[in-house]
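Comments concern the structure below.
The values are calculated or read from the model by the stated rules, or taken from the named source; none is laboratory data. Being a predicted model, the structure only gives us computed values, none of them experimental.
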Amino acid sequence: MGRAPLLEHAADEFLNEVTRQRPWTRARAEELLEALDSFLGRPAPLRAFTRATGEAWLRALHESERDEARELIGEFRAYMRDWGWLDALHPVNQPD
């Protein structure tokens, strides 16, 4: 049985992909995703990042950071959905 995927692994792949198109966003995106990982209990399993925990993290941020962080986690969720990270959390037809 393989290890559960970690949030930091998905975040690293996301950062590589998104900042290839927008390199000037890397430092801030990395900072926010590290803060999310810490909030969830670094190293956080990817499974810990749910809509509810994402909203809890947003509420924990300073109000001035929330819009930027909300946009980032929306992009991060879309990336994870499009690239199969979320499918990996719910394997189907795995042998016993």
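Scanning segment 73-96 for residues that are at pLDDT 75 or above and either in a helix (DSSP H, G or I) or β-branched (Val, Ile, Thr) (or both) yields a count of 13. For segment 10-40, enumerate the residues that are at pLDDT below 95 and not in a helix (DSSP H, G or I). Matches in segment 10-40: 22 only. Among the basic types (Lys, Arg), farther than 20 Å from residue 5 by Cα, in a helix (DSSP H, G or I) and at pLDDT 95 or above, is that true of residue 70? Yes; evaluated as a whole, the condition is true for this residue.
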